[in-house]
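Asker: Provided herewith is a single structure, encoded as structure tokens, for subsequent inquiry.
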Amino acid sequence: MFGYKYRSGGDHLERDLDCIVNNCIWSSEIQDLNDPFESMCEIQKFTEEVNQLAAIFKYVNDLKTENWHELIDKLSTTIDFITNKAGIYSLSQTYDNELLWAHYANSHKGFCIEYDVKLLEGTLGYPKVYSFPITYTNDIPNLELRDMITQESNGDTLVKKILGVKSEVWEYEKEYRIITDIIGKNSYHFSSLKSIYFGLRMKKDERLKIMEKLKGRGIQYFEIVHPNKTFTLIKEPITDPFGTENTYFKQISLVISSDKLIQIEVYLIKYHAIFKKAQIHIQLEEKIPEDTIEAFAAVIHKELFHLAEIVHIFYYLKNQNKDDAAWATSHIKNNQTKVELNQYINMVN
């Protein structure tokens, strides 16, 4: 499925572009969201169920009433943890809602980003990512004992009840929500971003700036238009003036190599957001000098793993088996890069 993030452009264009160029999203904390009733829920049903069980088992050894009542405190602690520690990234399931363009895209002067949601979720670097479409209802969620039981196994039910329910007045947003362990910037794989839609009133120079900054990524561009004498919005494709060839992380540019374009293939990326560690394996068309390796490692760190504190990069030559030892490696730690060449492979190649 695809998810859509509306951006305001204008005075915030540089901020938004910086996130896109560096392949990251911003997960907000609950207090920063525009709905004051976020995470509102009741625990009355849960309390009643616990009290009933305590009464049933009050004569059973090791199941004292106070032990059952500890469950209520545990639930309250869990709710506080979820609401205070979770990062929330909100997408819409539609790109053509005029109210969303008005409210979140600077009265149609901004733009809208299209993501492949499953790709995005799968590359955030967490062991588990909670995600779900928002449920719209005027009934406040009432937590139950079984919600706590599923929390122990996978957490889906409890997290969804606390963070996945909003009033029906918000239903027009068709929100899809991704929950992250880290509030603030989160990295994703660049292939998750598929298209960008420009608003009805977005300035031409701002459109061009976006396309220039993202040239070579194979992104599709559309402009939002409205057919004459209708209240509907439709998309129309735009030709990228900077070319449609996808070269992003498929070659080392002349800016780095200062000699010629070097074709590459990225075939393994691993990222762990909690430990801030990353690993990438790259096949090179041919050998490159050590200073080029170091310069390219800096680009990888900045654009793919700028949140990582440790990055291990393995370089393989075109005629190498990918299961063999790498021809060269570069290891980044504390913003310092160490390049190592495999002397044996250099002797035989």
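Asker: So for Met40, Met1, Met211, fewest C-beta neighbours within 10 Å to most, what's the order? Walk me through the numbers on the way to the answer.
Answerer: Numbers: Met40 14, Met1 10, Met211 20.
Least crowded to most crowded, the residues run Met1, Met40, Met211.
Asker: Related question: Please state the Cα pair-distance histogram of the stretch 138-251 with 5 angstrom bins from zero: what percent is in each bin?
Answerer: P(r) for the stretch 138-251, in whole percents per bin: 2, 8, 13, 13, 12, 14, 11, 10, 9, 6, 3, 0.
Asker: Then there is this: Could you pull out the longest piece of the chain with no exposed loop chymotrypsin sites (Phe, Trp or Tyr not before Pro) in it, calling a site exposed if DSSP puts it outside H, G, I, E, B and it has at most 14 other Cβ atoms within 10 Å?
Answerer: Details: sites that count: Phe37, Tyr59, Phe231, Phe242, Phe275.
Excluding the exposed sites themselves, the longest stretch runs over 60-230.
Asker: Shifting gears a bit: Bin width 5 Å, origin at 0, all Cα-Cα pairs of the stretch 253-338: what percent of pairs per bin?
Answerer: With a bin width of 5 Å, the distribution comes to 3, 14, 27, 25, 19, 10, 2, 0.
Asker: Which residue fluctuates most in the GNM of the chain (Cα springs below 10 Å): Thr123, Thr244, Thr135?
Answerer: Evaluated over the chain, the most mobile residue of the options is Thr244.
Asker: Can you tell me the FRET efficiency between Asn138 and Asn321 if r is taken as the Cβ-Cβ distance and R0 is 41 Å, rounded to the nearest 0.05? Could the numbers behind the result be given before it?
Answerer: On the way: r = 61 Å, r/R0 = 1.49.
With R0 = 41 Å, the Cβ-Cβ based efficiency is 0.10.
Asker: Here's a follow-up. What's the longest piece of the chain with no exposed trypsin sites (Lys or Arg not before Pro), counting a site as exposed if DSSP puts it in a loop and it has at most 14 other beta carbons within 10 Å?
Answerer: Numbers: sites that count: Lys58, Lys64, Lys128, Arg201, Lys203, Lys229, Lys250, Lys260, Lys318, Lys322.
Counting at most 14 other Cβ atoms within 10 Å as exposed, the longest clean stretch of the chain is 129-200.
Asker: Please express the Cα-Cα pair-distance distribution P(r) of the chain as a list of whole percents, one per 20 Å bin, running from 0 to the bin with the greatest distance.
Answerer: 25, 46, 24, 5, 0
Asker: Further question: Which pairs in the list Lys276/Lys322; Lys276/Lys318; Lys5/Lys128; Lys74/Lys161; Lys128/Lys277; Lys128/Lys338 are over 20 Å apart, alpha-carbon to alpha-carbon?
Answerer: Details: Lys276/Lys322 25 Å; Lys276/Lys318 30 Å; Lys5/Lys128 22 Å; Lys74/Lys161 17 Å; Lys128/Lys277 16 Å; Lys128/Lys338 32 Å.
With Cα atoms farther than 20 Å apart: Lys276/Lys322; Lys276/Lys318; Lys5/Lys128; Lys128/Lys338.
Asker: Who wins for biggest fluctuation among Asn228, Asn23, Asn84 in a Gaussian network model of the chain, springs between alpha carbons below 10 Å?
Answerer: Largest GNM mean-square fluctuation: Asn228.
Asker: Further, regarding this structure: At 25 °C and 0.890 mPa s, grab the translational diffusion coefficient of the stretch 239-297 from Stokes-Einstein with a Kirkwood Rh over Cα pairs, rounded to a whole number in µm² per second.
Answerer: Values: Rh = 13.2 Å.
Reported coefficient: 185 µm²/s.
Asker: Treating only the Cβ of Lys, Arg, Asp and Glu as charged (+1, +1, -1, -1), what charge dipole size does the stretch 286-339 show about its Cα centre? Round to the nearest 20 debye. Write down the numbers at each step before the final one.
Answerer: On the way: 6 positive and 8 negative charges, 12 e Å.
Using only the charged Cβ atoms, the result is roughly 60 debye.
Asker: Over the chain, what relative contact order in percent results from Cα pairs under 8 Å that are six or more residues apart?
Answerer: Reported as a whole number, the value is 18 percent.
Asker: In square nanometres and to one decimal, what's the mean projected area of the convex hull around the Cα atoms of the stretch 1-46? Display every interim value, and only then the final one.
Answerer: Values: hull surface 23.3 nm².
Projected area, direction-averaged: 5.8 nm².
Asker: Could I ask something else about it? Just to be sure I understand the model, the point goes 7 Å from the Cα along the line to the Cβ. What's the resulting Asn246 to Tyr172 distance in nm?
Answerer: Between Asn246 and Tyr172, the simple spin-label model gives 3.6 nm.
Asker: Determine the principal axes of the Cα atoms in the stretch 2-191, then give the extent along each, sorted from largest to smallest and rounded to whole angstroms.
Answerer: If we take the Cα atoms of the stretch 2-191, the spans are 67, 34, 24 Å.
Asker: Further question on the same structure: Taking the Cα centre of each part, how many Å lie between the stretch 268-288 and the stretch 75-125?
Answerer: Comparing the Cα centres of the stretch 268-288 and the stretch 75-125, I get a distance of 27 Å.
All of the numbers you see were taken from the coordinates with simple rules; none came from a lab. These numbers come from a predicted model, not from an experiment. Heads up, the Cβs are rebuilt from the backbone with ideal geometry, glycines too, and the neighbour counts pull from every protein chain shown.
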